[in-house]
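Report on one structure; see the data block that follows.
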Amino acid sequence: MTAARSHDGPGPLRRAGRATGRALRSPFTGTARGIRKATHAHGAGESGLGKLIELHAVNGAGDVMITVALASTVFFSVPTDEARGRVALYLAITMAPFTLLAPVIGPLLDRLPHGRRAAMAGAMLARALLAITMSGAVATGGLELYPAALGVLVSSKAYGVVRSAVVPRLLPPKFSLVKANSRVTLAGLLATGVAAPIGAGLQTIGSAWPLYGACVIFIAGTFLAFTLPHKVDSAKGERRARLIDPHGEEAVPPPALKPRGLRKDRLRKDGLRRNGEKPAKERPPGLRSVGGSVFHGLQANASHRALSGFLIFFLAFLLREHPMAGQSAAVSLAIVGVSAGVGNACGTAVGAWLRARGPEVIIATVLGLALGTAVLAAVFFSTAAVAALGAVAGFTQALSKLSLDAMIQRDVPEEVRTSAFARSETLLQMAWVVGGGIGIALPLNAVLGMSVAAGILALGAATSVRGLLGAARRGTPHPRVA
C-alpha cells in the first residue's frame, strides 16, 4: 500500500520544493525573457541586431566595474593634491600613448573585415585577463596598474570602433541606422546604471572585487560575441575610406564602366604607359569628399566629445575640493554623474523619436544649446548650473552623435560606410582625450573651468555651424533618413 502511494506522484515536500524553486527562479527568468523580448523586437532578433544590443550591454557593465575599481584607487583613496598627481600620471601613461595608438586602430581593424566577431571577442577577453592582472595592484596603486589600464582603454576603444562598423550590417528591414544606434546606446546606458551600484557594493567587500566581477562579465561577452550572425564577418562590397582627402580633391568612386567604356579606359591607360606616364591610382573617397554635412558634423561632434572629457576630469577635482552646498564630495559627483547619464538617455530617446530628419539642423541646434548652457554656468556658477550643464552636455552629445550617424548612412557610399564609422569614431575618441588633458591641467577655478568649457563649444560652433546650415539649405542628392 505504501509502495503504491509512492508512485502516485511527488510527495508534499517535493511539490513544495518545486514550487519554491519556481518562485525563486521566476524573477530572474521573467526578467531575462522581458529583456530578450525588448532587444529582439521589430525584427532585431531575426537580423542579429538583438545580439549586438545584448553584447553592448555586457560591454557597458564590464567597463563600469573597472571604472569603479580604478576610481577608488586613483581618485578617492588619497588626498586631493596627490589624487591630481595620480590622475595626471594615469593620463600620461594611458591617454598619451592612446593618442598615438588611436589613429592606428581604425586602419588596423579595416584589415580584419572577415574577423569582426573575433575582434570583438578578443577585446572582451583581453579586458577579462587585464582585470585579473589589475586585481593584484589595485590595492597598492603601483605603477604596474597603469600599463594594464592602457590595455583596457585600447581594448575598449577597439571594441567601440568595430561595433560602429558592424551596426549597418545588422539593420532589420525598414530600420534606420539612428534607431538601431539608439537601441544599442540605451542598452549600454541601462547596463551601466545597473552595474555601477553592484560594483560599488563589491568595492565594500574588497578593492579587487569589482575587477573580479568585470572578469566574469567580459568572459561572458567573449562567448556572446561569437553568437553574432556570420554576415558580420562579410566584407562584400566594402572599401576603406580616408578621414580627409589630403589633396583637397573630390575622390568619389568611379561609375561602373560599360564594356565599350572599359575598352576605352584600358586603351587610355596603355597610352599613358607608352608615353612613360603612370595612370593615376584610384583613390577611395574621404569623409570630406562625400559632402560638407559629414565633415562639419564630425567637427561639431568632436567639440561635444572634448567637452565630455573636460567635464569628467575638471568637475571630479573641483567638486572634491569644493563640493555642492550641504553635500559631500561623493554625493556632489554622483549628482553630476546622474544628471549627465539621464541627459544622455533622454538624448538617445529623442534621437530615435525624431528619426534624424534634418540632422544638420539638429546638430547645429544642440551645439548652440550646449554653448548657451556653458556660458550661463560660467556667468552664474552654482550647484544647479553645474547639474544643468552635465545634463545638457549628455543630452546634446547623444543627439548630435545619432544625427552624425544618420548623415554617414545617408551620404557615405555603401562600399565605404563601415570604414567611415571606424574612422569617425577614432577621431571622436581622440577629441575626448584632448578634452580630458585640458581638464586635468586647468587650475581648480569654477568660473575659469566653465569659461573653458564654453570656449571648447564656441570653437566647434565657429568651425561647423555655418557649414551645417549651408548644407541644410542646399539640400542633399541623397534620400533623407526616415
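Contour minus end-to-end for THR383 and GLU144, with contour as 0.36 nm per residue of separation and end-to-end as the Cα-Cα distance?
On the way: separation 239, 0.36 × 239 = 86.04 nm, distance 3.76 nm.
The THR383-GLU144 span can extend by a further 82.3 nm.
Give me the one-decimal nm value for the distance between modelled label points at ALA462 and GLU321, 7 Å along each residue's Cα-to-Cβ direction.
The modelled label-to-label distance comes out at 2.7 nm.
Please list, in order along the stretch 384-397, the HN-Hα scalar couplings obtained from phi with the Karplus expression 6.51 cos²θ - 1.76 cosθ + 1.60 (θ = phi - 60°), rounded to whole Hz, x for Gly and Pro.
So the Karplus estimates, Gly and Pro as x, are 5, 5, 5, 4, 5, 5, x, 5, 5, 4, x, 4, 5, 5 Hz.
D for the stretch 331-390, whole µm²/s, Stokes-Einstein with Kirkwood Rh over alpha-carbon pairs at 4 °C and 1.567 mPa s: what number?
Working: Rh = 12.7 Å.
Once the numbers are plugged in, D ends up at 102 µm²/s.
Through the Karplus equation 6.51 cos²θ - 1.76 cosθ + 1.60, θ set to phi - 60°, convert the phi angles of the stretch 156-173 into ³J(HN,Hα) values in whole Hz; use x for Gly and Pro.
Result, ordered by residue: 5, 5, 4, 4, x, 5, 5, 4, 5, 6, 7, 3, x, 7, 10, 5, x, x Hz.
Sorted by average packing, counted as other Cβ atoms within 10 angstrom per residue and highest first, what order do 391-402, 376-387, 447-458, 152-163 take?
Details: 391-402: 26.0, 376-387: 16.8, 447-458: 20.6, 152-163: 22.9.
Order by mean packing, descending: 391-402, 152-163, 447-458, 376-387.
Between LYS174 and VAL331, what length in nm is gained on full extension when 0.36 nm per residue of separation is reduced by their alpha carbon distance?
On the way: separation 157, 0.36 × 157 = 56.52 nm, distance 4.39 nm.
Extra length available between LYS174 and VAL331 comes to 52.1 nm.
Rounded to whole Hz and in sequence order, give me ³J(HN,Hα) for the stretch 440-451 from the Karplus expression 6.51 cos²θ - 1.76 cosθ + 1.60, θ = phi - 60°, writing x for Gly and Pro.
For the stretch 440-451, the Karplus-derived couplings read 6, 8, 7, x, 7, 10, 4, 5, 4, x, 5, 5 Hz, x marking Gly and Pro.
For a Förster distance of 41 Å, can you work out the FRET efficiency between the beta-carbons of ALA200 and GLU46, rounded to the nearest 0.05? Don't jump to the answer; show the numbers that get you there.
Details: r = 38 Å, r/R0 = 0.92.
Between ALA200 and GLU46 the formula returns 0.60.
Cβ neighbours within 10 Å, averaged per peptide: list 221-232, 332-343, 298-309, 118-129 in order, most packed at the top.
Working: 221-232: 17.2, 332-343: 19.2, 298-309: 24.8, 118-129: 21.6.
By packing density, highest mean first, the sequence is 298-309, 118-129, 332-343, 221-232.
Each value in this text was obtained by applying a stated rule to the coordinates, not by laboratory testing. Note that the structure is a prediction, hence the values are computed from the model and not measured. Methodologically, a virtual Cβ is constructed for each residue, glycine included, from the backbone with ideal geometry; neighbour enumeration extends over all protein chains shown.
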